[in-house]
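Peer 1: Before anything else, here's the structure in question.
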Amino acid sequence: MLPRKLDVQGIGMTSQRTRNRLVARLRENGICNEAVLAVISKTPRHLLVDEALASRAYEDTALPIGHGQTISQPYIVARMTELLLAGENPPRKVLEVGTGSGYQAAVLASLVETVFTVERIEPLHRATREMLAALGYDNIRTYLSDGSWGVASEAPFDAIIATAAPETVPPALLEQLAIGAKLIIPVGKQGGSQRLQVITRTHQDTYATVAHEAVQFVPMIK
């Protein structure tokens, strides 16, 4: 990501009107959590991509952010956030695996008390940390680490969300869930069959898994 003057409101293809059109598309595609949609409409995605791609920031598509990574499609961000918030007790303390551009973390930070987010690629971690701080997200804690390890020092978490796909679920992430907490994670091979899964820790050693729609994420790499 390139440094630039922080125009949070945007103009033209980054304006509020353009964001509102994105929100309308998400609603048409089945996103029904109005709190999530409201946050999507205010989150400056154009500042979390390379400046050359800013005019495409509010398309409902994934975009490259360098280092072989992408910023997730807004629908997927909204869908995973909606699944994370579902239930009687919304999470307060959330771990994100795969900071990337910081878009998912920024959306979560407006909806939960604290977000802990882990990125393994140092230049991406550093640039995103600086941008999130410049945007005023003071409830996001960033870590440079192998995401499959989680952040054991801060566990247990009320929810964990992964923005990269392992072929099998890392045991460390399951172990860092509080009882009753959920892991939202895409599972499967890149270019093959990946499914979005919601794994709930029902008891100390018991987990319930529900598979949702097919997705396509970059692989979770150690």
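Peer 1: What strands (runs of 3 or more DSSP E) lie completely within region 136-198 and have 1 or more residues being closer than 20 Å to residue 121 by Cα and open to solvent by 10 Å² or more (accessible area, probe 1.4 Å)?
Peer 2: So the answer is 140-144.
Peer 1: Any residue at all in region 103-118 that is touching a His at 6+ places or on another chain (Cβ under 8 Å) and assigned to a loop (DSSP other than H, G, I, E, B)?
Peer 2: No, because not a single residue in region 103-118 is touching a His at 6+ places or on another chain (Cβ under 8 Å) and assigned to a loop (DSSP other than H, G, I, E, B).
Peer 1: Still on this structure, I have one more. State which residue is least open to solvent (accessible area, probe 1.4 Å) when the search covers only region 72-118 and only residues that are under 12 Å from the mean Cα position of the chain (by Cα) and among the charged types (D, E, K, R).
Peer 2: The selected residue is 96.
Peer 1: Which residue is modelled with the lowest pLDDT, if the candidates are limited to region 116-159 and must be farther than 15 Å from residue 47 by Cβ and of a type in the set (Gly, Ala, Ser)?
Peer 2: 147
Peer 1: Out of the residues in region 119-134 meeting the condition of being touching a helix residue (DSSP H, G or I) at 6+ places or on another chain (Cβ under 7 Å) and not acidic (Asp, Glu), tell me which one is least open to solvent (accessible area, probe 1.4 Å).
Peer 2: The selected residue is 132.
The values are calculated or read from the model by the stated rules, or taken from the named source; none is laboratory data. A quick note: this is a predicted structure, and the numbers were derived from the prediction, not measured. We place every Cβ from the backbone using ideal geometry, glycine too, and count neighbours over all the protein chains shown. With ligands, DNA and RNA removed, areas are computed over all heavy atoms of the protein, side chains included. Shrake-Rupley method; radii C 1.70, N 1.55, O 1.52, S 1.80 Å.
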